[in-house]
Amino acid sequence: VMRDISHAEQARQELLRQTNTLRSVTEVVPAQVAVVGADLRYRFINSAFERWHGKRRDEVVGHLLHEVLGDAEHQRSLPMVQRVLAGETVTFEKDFVHRTPASHLSIHYMRLRTESGEVDGFVAMAQDITEHRQEAGRLLALSQRDPLTGLLNRAGLDAYMQRSLAQGGGANMALLYIDLDHFKTINDSLAHATGDWLLQQASTRLNQLLRRGDLLVRLAGDALV
């Protein structure tokens, strides 16, 4: 008995080609990619995932989420996993402060569906945003620092006050306002470079007098608190 299977073979070859194309794409994208089934077993990971987790593909594919991530990390991810399996697309960030060096990931969970429309698991994509976080932190620190004296500026003081109040430190907080007399006269008669030097010297000497927990801030001009 002979049967023409040309169409079936063409379909198989096309499916194989598409699979290889998708696999190649996931290998070149600068992100971790994983496919997890509704049973919470890994079906696929790319090389970026292997490098980040330090696990070979055969140590991940076919294994449960908590077996690969560990119980603590699995518990951190579980609420997001439950949301994506309920039909949502989920985006969140995770900090890995115990890694050396500390790292940060931006993670996206996108659901998979069967032909009948049922949720069949999800695709997880994770992008390393450590450098972005560090640069954002550096720029934030710069925006809250006076470039001349290195003291916090008004924005830095506002952020500090908000953190202190949120932590319940308002009851033990006091504010002392300091204004340098005749500072304008120094600027006008001895030039602004001398005035800048005077501010730097005053800031240094006041800082040396502070107690632990005290903070010196330059609000503007010769106004310090």
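The values are calculated or read from the model by the stated rules, or taken from the named source; none is laboratory data. Owing to the predicted nature of the structure, the values given are computational and were not obtained by experimental measurement. Cβ atoms come from the backbone with ideal geometry, glycine included; neighbour counts cover every protein chain shown. Accessible surface is based on the protein model in full, side chains and every heavy atom, while ligands, DNA and RNA are left aside. Shrake-Rupley method; radii C 1.70, N 1.55, O 1.52, S 1.80 Å.
Here Arg12, Arg3, Arg43 are screened, and the one residue that is more than 28 Å from His132 (Cα to Cα), charged (D, E, K, R) and either open to solvent by less than 40 Å² (accessible area, probe 1.4 Å) or assigned to a strand (DSSP E or B) (or both) is Arg43.
So is Gly117 without any contact (Cβ under 8 Å) to a residue 40 or more places away in the chain and either buried (at least 16 other Cβ atoms within 10 Å of the Cβ) or farther than 18 Å from Lys55 by Cβ (or both) or not?
Numbers: without any contact (Cβ under 8 Å) to a residue 40 or more places away in the chain: yes; either buried (at least 16 other Cβ atoms within 10 Å of the Cβ) or farther than 18 Å from Lys55 by Cβ (or both): yes.
In short, yes.
Note on segment 143-167: among residues that are open to solvent by 100 Å² or more (accessible area, probe 1.4 Å) and part of a helix (DSSP H, G or I), the one that is nearest to Leu199 (Cα to Cα) is Arg154.
Matching residues to (1) touching a Gly at 6+ places or on another chain (Cβ under 7 Å); (2) not small (Gly, Ala, Ser):
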| site | (1), (2) |
| --- | --- |
| Leu140 | no, yes |
| Arg145 | yes, yes |
| Gly150 | no, no |
| Gly156 | no, no |
| Ser164 | yes, no |
| Gln167 | no, yes |
| Asn172 | no, yes |
| His182 | no, yes |
| Thr185 | no, yes |
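Within segment 146-169, the set of residues being closer than 24 Å to Leu209 by Cβ, in contact with a helix residue (DSSP H, G or I) (Cβ under 7 Å, 6 or more places away or on another chain) and not polar (S, T, N, Q) comprises Leu148, Leu151, Leu152. In this entry, Tyr177 passes the filter for residues that are exposed (fewer than 11 other Cβ atoms within 10 Å of the Cβ) and either at pLDDT 80 or above or among the acidic types (Asp, Glu) (or both).
Check whether at least one residue in segment 77-85 is surrounded by fewer than 14 Cβ atoms within 10 Å (Cβ to Cβ) and either out of contact with any strand residue (DSSP E or B) (no Cβ under 8 Å at 6 or more places or on another chain) or assigned to a strand (DSSP E or B) (or both), and report yes or no.
In the first step, residues of segment 77-85 are kept if they are surrounded by fewer than 14 Cβ atoms within 10 Å (Cβ to Cβ); the result is 79, 82.
Now drop any that are not either out of contact with any strand residue (DSSP E or B) (no Cβ under 8 Å at 6 or more places or on another chain) or assigned to a strand (DSSP E or B) (or both), which leaves 79, 82.
Checked against the condition, which is being surrounded by fewer than 14 Cβ atoms within 10 Å (Cβ to Cβ) and either out of contact with any strand residue (DSSP E or B) (no Cβ under 8 Å at 6 or more places or on another chain) or assigned to a strand (DSSP E or B) (or both), segment 77-85 yields at least one hit.
For segment 195-213, filtering for residues that are surrounded by fewer than 12 Cβ atoms within 10 Å (Cβ to Cβ) and more than 16 Å from Gly150 (Cβ to Cβ) leaves 4.
If only one of Thr26, Thr100 is free of Cβ contacts under 8 Å to residues at least 24 places away in the same chain and surrounded by fewer than 16 Cβ atoms within 10 Å (Cβ to Cβ), which one is it? Show your work before the answer.
On the way: Thr26 fails: surrounded by fewer than 16 Cβ atoms within 10 Å (Cβ to Cβ).
Sole residue among the options that is free of Cβ contacts under 8 Å to residues at least 24 places away in the same chain and surrounded by fewer than 16 Cβ atoms within 10 Å (Cβ to Cβ): Thr100.
Taking segment 105-114 as the search range and keeping residues that are in contact (Cβ under 8 Å) with a residue 24 or more places away in the chain and open to solvent by less than 30 Å² (accessible area, probe 1.4 Å), which one is nearest to Val36 (Cα to Cα)?
Our first condition is that a residue be in contact (Cβ under 8 Å) with a residue 24 or more places away in the chain; within segment 105-114, this holds for 105, 107, 109-112.
Adding the requirement that they be open to solvent by less than 30 Å² (accessible area, probe 1.4 Å) leaves 105, 107, 109.
On the way: Leu105: 18, Ile107: 14, Tyr109: 10 Å.
Among them, the one singled out is Tyr109.
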